[in-house]
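Engineer: Dropping a structure here in structure tokens format, bear with me for questions.
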Amino acid sequence: MESQRIAKLAVGSIVTLGAIFLMGLFGSSPRVQAQNAPDDYEASLIDEGFEIAPVHLNLAGKDRNLVGLGSYLVNAVGDCNGCHSSGVAPLFVYPYTTGKNPYFHQPEKIDPAAYLAGGTSFGTVGTPTGPNGYAGPNIISRNYNGAGNLIR
């Protein structure tokens with residue numbers, strides 16, 4: 001009696017699994033499409049780059065799309081301003097305008113005068129070696145002006 005019950009259960013399981021397999025094999029799922037085409041996606045990044053730029057972006061003689069995408073990469077993806085304007089010695093450049101520091105729960109506003117100003121010291125690179133204990137060069141982020149040109 002017990003063996004008959006087990007046999008019925010096994011046959012039922014096999015039939016059920018077979019039906020599920022056939023439904024998956026011959027059934028069709030609806031086709032889906034991405035919400036944004038690649039051109040729309042890139043256009044949205046370009047627009048966001050212009051919206052988040054903390055300084056006026058000069059477009060004279062430049063490709064508008066490249067400037068907007070560059071701003072997106074610099075300000076949203078790369079956080080270039082994080083290293084190129086900071087309150088670290090030797091210059092102590094503070095990147096926020098007065099009363100606009102997000103770390104004090106204030107609305108964030110980058111100070112255009114400090115934007116990409118550089119001067120952050122990362123200290124020496126390496127470990128003291130050799131007869132004089134030289135630890136390597138002192139790395140300091142470079143300075144850029146608002147137009148993205150290196151200031152020497």
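The values are calculated or read from the model by the stated rules, or taken from the named source; none is laboratory data. Worth saying up front: this structure is predicted, and the values here are computed from it rather than measured. Here the Cβ positions follow ideal geometry from the backbone for every residue, glycine too, while neighbour counts run over all protein chains shown.
Engineer: Condition first: within 21 Å of GLY68 (Cα to Cα), at pLDDT below 80 and polar (S, T, N, Q). Can you find one or more residues in segment 144-151 that meet it?
Structural biologist: Looking through segment 144-151, at least one residue is within 21 Å of GLY68 (Cα to Cα), at pLDDT below 80 and polar (S, T, N, Q).
Engineer: Identify, please: which residue in segment 63-82 is crowded, with 17+ Cβ neighbours inside 10 Å and of a type in the set (A, V, I, L, M, F, W, C) and is, among those, nearest to ALA43 (Cα to Cα)?
Structural biologist: Selected residue: LEU69.
Engineer: Considering only residues that are within 15 Å of the chain's Cα centre (by Cα) and of a type in the set (S, T, N, Q), look in segment 45-80 and name the one that is nearest to GLY119 (Cα to Cα).
Structural biologist: Out of the qualifying residues, it is ASN75.
Engineer: While we're looking at this one, here's another question. Among the residues of segment 84-141, write down those that are outside any loop (DSSP other than H, G, I, E, B), polar (S, T, N, Q) and modelled with pLDDT of 80 or more.
Structural biologist: Correct list: THR124, ASN138.
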